[in-house]
Amino acid sequence: MADILSVARRSRNYEDLDRSLNSDPIAHHDSDGHPPQELEMNSVSVVPDDTFTVTQAVNAFGFGKFQAKLSLFTGLCWMADSMEMTILSILSPALHCEWNITRYQQALATTIVFLGMMISSTFWGYISDRYGRKQALTLCAVLLFYYGLLSSFAPNYTWILILRGLVGFAIGCVPQSVTLYAEFLPSKQRAKCVVLLDCFWALGACFEVLLALLVMPTLGWQWLLALSTAPLLAFACICPWLPESARYHVASGQPDKASATLKQVAADNRKPMLLGRLVVDDSVLGERGRVKDLLIPQLRRTSLLLWFIWTACAFCYYGVVLMTTELFEVSETRCAEVPSTKPIQSSCTADCRQLNTQDYMDLLWTTLAEFPGIFATIFVIERFGRKHTMAVQFVIFSGCVGFLFICTKNRAFLTVTLFLARGIIAGVFQAAYVYTPEVYPTPLRSVGVGTCSAMARFGAMVTPYIAQVLMQSSLLLAMTVYGVSALMAACACFFLPIETKGKEMKESVTPPGQIR
């Protein structure tokens, strides 16, 4: 009897043991009356009641070969997105000199990309929740490569606006790669892995700057646009090997496909498959991917605050990216103590300034700032939580911007200040990417990330007119706008009603009164 109770404790499944003993008591004992050792079942994992969820399975399998491969696939997508964004700060000065475009036209060439992203982000979120993350990412990769390559053949300013707008439309799907990635990550490693994914973003940005340093002086911006599509082509080629989210399959009523995916995860990670039947934690919403469900009472406050936080985050992040090349253009008007009342003149080829080697090196140094920002975020996000991490980083960013009030021609001072500002705001962005998929349930996760991304693109649309236009008139006013925006976003972070640190990803909307 002691042996039988020991087996029961190890298997944690009394009902299965009772059934096995009552069915044929003789068959389960040897000639001496002792139960056979096979009943211990040490080679498999058993969950009580013969059922398990995707969350339990993912946590049981841990981080292994499967997640490592998915990290590389997702990272390649992230790297391609980063390169397309970094091009914006390099392309504008080139077009200014070659096509004699004004400051407002330069800003529009940047804004059009973010407009396409804003329009498409919610669309891609809906597609991902309705038809799967893999399907959306595959279509995105093909379109992004196609329009990115066509951009290099643009014959005039109008065509570059159209094609870059289409590039932006395709880029709007890239955040869904983080959704797919996060849904396969164990709870303990999720924050760390999502933040580390930003390493690929930083690598892409650094690679783009180095590519521009080699290509721009000799071949020009057309070749830069064409060569920058190489990671997109690589990602499009590996899309057939991307796994579909097991959480999506369960939420869409396809448990067999979800089980097959989980078996593949177990095999790749060399872990035993859980016994029992795959179920959903709670009742899942009947409809998936509906934007209006983000504003139900349980999620309304979270959604509204997140939309503002993402808007401010992108506004500040891309502001730093764009102002880097602007600040390196030494000008006496930029350092005037009183805002200039002189209207911004249409630029001509006589006052254009091509980026030189020193500009690219300084841009590279500020881009490298994302790496310490990543590791600092990893260090604090699991200790102090997602909300407090984002709030404190916004405050520190505002302080860094304050140093840019000091007008100086000292490039070292500008480089160090921009280095710190970019590292901090990059950390905020990654903390937001950790928090957002965690706070939304599976049926709304993609559309939740998509709408947040759309709001971020709205902030990115506005920032060129501050970093590239307003700054030419008043450095003080431009920096004030960024500083105040960051402080307001910090307040919004503190008012978020849910802290997701240490919590599992939800499969359905939590009933009212249980959201904290």
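The values are calculated or read from the model by the stated rules, or taken from the named source; none is laboratory data. Quick caveat, the model's predicted, so the values are computed rather than measured. Neighbour counts are summed over all protein chains in view; Cβ atoms, including those assigned to glycine, are modelled from backbone coordinates with ideal geometry. The protein model used for the area step is the full one, side chains on, heavy atoms only, and it has no ligands, DNA or RNA in it. Shrake-Rupley method; radii C 1.70, N 1.55, O 1.52, S 1.80 Å.
Worth pointing out:
- Extending 7 Å from the Cα toward the beta-carbon at both Leu233 and Glu504 defines two label points whose distance is 4.5 nm.
- Note on segment 177-248 and segment 385-441: Cα centroid distance 22 Å, given to the nearest whole angstrom.
- Nearest-10 value in Å² for the accessible area of His388, using the 1.4 Å probe: 90 Å²
- In segment 52-286, the convex hull through the Cα atoms has an average projected area of 13.3 nm², a quarter of its surface area.
- Put Thr367, Thr357 in order of accessible area, highest first, and with a 1.4 Å probe you get Thr357, Thr367.
- Residue separation of Val291 and Ala68 scaled by 0.36 nm, minus their Cα-Cα distance, works out to 77.1 nm of gained length.
- Simple label model, 7 Å out from Cα along Cβ direction - Thr480 to Phe123, nm: 3.9 nm
- On the basis of the beta-carbon distance and an R0 of 22 Å, Gln189 and Arg277 show a calculated FRET efficiency of 0.25.
- Packing order of peptides 220-227, 178-185, highest average first: 178-185, 220-227 (average count of other Cβ atoms within 10 Å over each peptide's residues).
- Solvent-accessible surface (1.4 angstrom probe) belonging to Tyr131, in square angstrom, nearest 10: 130 Å²
- Packing rank of 70-77, 371-378, 158-165, where each peptide gets the mean count of other beta carbons within 10 Å, highest leading: 70-77, 371-378, 158-165
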